[in-house]
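I have placed the structure first, in the form of structure tokens, so that the comments after it can refer back to it.
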Amino acid sequence: MGTARISKNTRAGLMMAINTLPSSPTELRNLIRNDGYNTITAGLAPGYVQTNLVILPRDLAFDFLLFCQRNPKPCPLIEVIESGNIEPKLTAPGADIRTDLPKYRVYRDGVLDKEVENVLEVWRDDLVSFLLGCSFTFESALMSSGIEMRHIENATNVSMYITNKETIPAGKFSGPTVVSMRPIKQEKVVKAVQVTSRFPNTHGAPLHIGNPASLGIKDIEQPDYGDIVPVKDGEVPVFWACGVTPQAVAAQSKPPFMITHSPGHMFITDIRDEDLALL
């Protein structure tokens, strides 16, 4: 397998990735680290846990840890990497949190400053990294249960929306909950709830089923993050809490410095999905 660069988040590029890239998390991370892949990770490394990322200065780390504990649906903690360290030893030994995601976002005072493919130039020894569970993790289980994941089939990002549901504040951090949406056939909604309920560390059961207006979403075809995923006749929009929530929280809380993943561009761990599933 070569390391031909995939530089655009296009259907053709992502379909090529899903069909031809290695399925090993280690090989995928090495490919990403060496600038061989920089688009969304939905559908990659099936069976392995993917995570959201938040990186903050040490003086804000306790507040954010408390925020995660108070808001486990959107911010389920998988691993915390102490300040000065770059290796997620529990979830992906040998990985480098500064280089092994396809794209990062750098926020300053709550405003998106830039999107980059590594954070080597802005890295500081006082930074603490948080890996948060991601709903991409339970998608393999949904598909194994015969539930279509249209964003994967269409090689697009999942749709994500800022809602009117406020998180529980903690220290510096407060703001709205973000949700991801997947269209589910009416007759399979109960099954989708059952399947995802087994994965509380990756957002678990849906936060809301049905009417988007109840979440303050005015137009389901205008997501705040990600791509449009059409809802067809006979389908219900189902919404899960989303690990992009800290990025919406940053806009309100305005931390001086914060690094996150770019929505849909996740960190791929060595942990198997089933290792996080309830029996």
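Values for this structure:
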| item | result |
| --- | --- |
| Unique match (being touching a residue at least 24 places away in the same chain (Cβ under 8 Å) and in contact with a His (Cβ under 7 Å, 6 or more places away or on another chain)) among L77, L101 | L101 |
| Residues of segment 113-133 satisfying the condition of being in contact (Cβ under 8 Å) with a residue 40 or more places away in the chain and among the aliphatic types (A, V, I, L, M) | V119, V122, L127, V128, L131, L132 |
| Whichever residue in segment 78-89 is within 16 Å of V49 (Cα to Cα) and touching a Leu at 6+ places or on another chain (Cβ under 9 Å) and, among such residues, is surrounded by the fewest Cβ atoms within 10 Å (Cβ to Cβ) | V80 |
| Yes/no for A45 being of a type in the set (A, V, I, L, M, F, W, C), over 18 Å from V122 (Cβ atoms) and surrounded by 18 or more Cβ atoms within 10 Å (Cβ to Cβ) | yes |
| Residue check, A205 of a type in the set (A, V, I, L, M) and in a helix (DSSP H, G or I) | no |
| Selection count where residues are buried (at least 22 other Cβ atoms within 10 Å of the Cβ), under 17 Å from I162 (Cβ atoms) and touching a Pro at 6+ places or on another chain (Cβ under 8 Å), scope segment 183-225 | 1 |
| Members of segment 258-279 that are assigned to a strand (DSSP E or B) and more than 13 Å from the chain's Cα centre (by Cα) | M258, I259, D270, I271, R272 |
| Meets criteria (buried (at least 22 other Cβ atoms within 10 Å of the Cβ), of a type in the set (D, E, K, R), at pLDDT 95 or above and under 18 Å from N52 (Cβ atoms)) for D100 | yes |
| Matching residues in segment 156-174 - criterion: being crowded, with 22+ Cβ neighbours inside 10 Å and either at pLDDT 90 or above or farther than 15 Å from C242 by Cβ (or both) | V158, S159, M160, Y161, I162, T163, T167, F173 |
| Some residue of segment 155-174 being small (G, A, S), within 19 Å of the chain's Cα centre (by Cα) and assigned by TED's automatic domain parsing to the domain that holds H261 | no |
| Qualifying positions in segment 23-38 - buried (at least 21 other Cβ atoms within 10 Å of the Cβ) and part of a helix (DSSP H, G or I) | P25, L28, R29, L31, I32 |
| All positions within segment 164-216 that are among the hydroxyl-bearing types (S, T, Y) and out of contact with any Leu (no Cβ under 9 Å at 6 or more places or on another chain) | T167, S174, S180, S214 |
| Within segment 39-157, strands (runs of 3 or more DSSP E) holding 3 or more residues that are closer than 29 Å to L278 by Cβ | 48-57, 77-81, 127-133 |
| Enumeration of residues in segment 237-257 that are buried (at least 19 other Cβ atoms within 10 Å of the Cβ), aliphatic (A, V, I, L, M) and either assigned to a helix (DSSP H, G or I) or out of contact with any Lys or Arg (no Cβ under 8 Å at 6 or more places or on another chain) (or both) | V244, A248, V249, A250 |
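Conditions (1) outside the structural domain of P183 (by TED's automatic domain parsing); (2) of a type outside the set (D, E, K, R); (3) under 20 Å from the mean Cα position of the chain (by Cα), marked per residue:
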{"position": "I220", "(1), (2), (3)": "no, yes, yes"}
{"position": "P223", "(1), (2), (3)": "no, yes, yes"}
{"position": "I228", "(1), (2), (3)": "no, yes, yes"}
{"position": "D233", "(1), (2), (3)": "no, no, no"}
{"position": "P237", "(1), (2), (3)": "no, yes, yes"}
{"position": "K254", "(1), (2), (3)": "yes, no, no"}
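The values are calculated or read from the model by the stated rules, or taken from the named source; none is laboratory data. Quantities reported herein were computed from a predicted structural model and do not represent experimental measurements. Cβ coordinates were reconstructed from backbone atoms using ideal geometry, including for glycine residues, and neighbour counts include every protein chain displayed.
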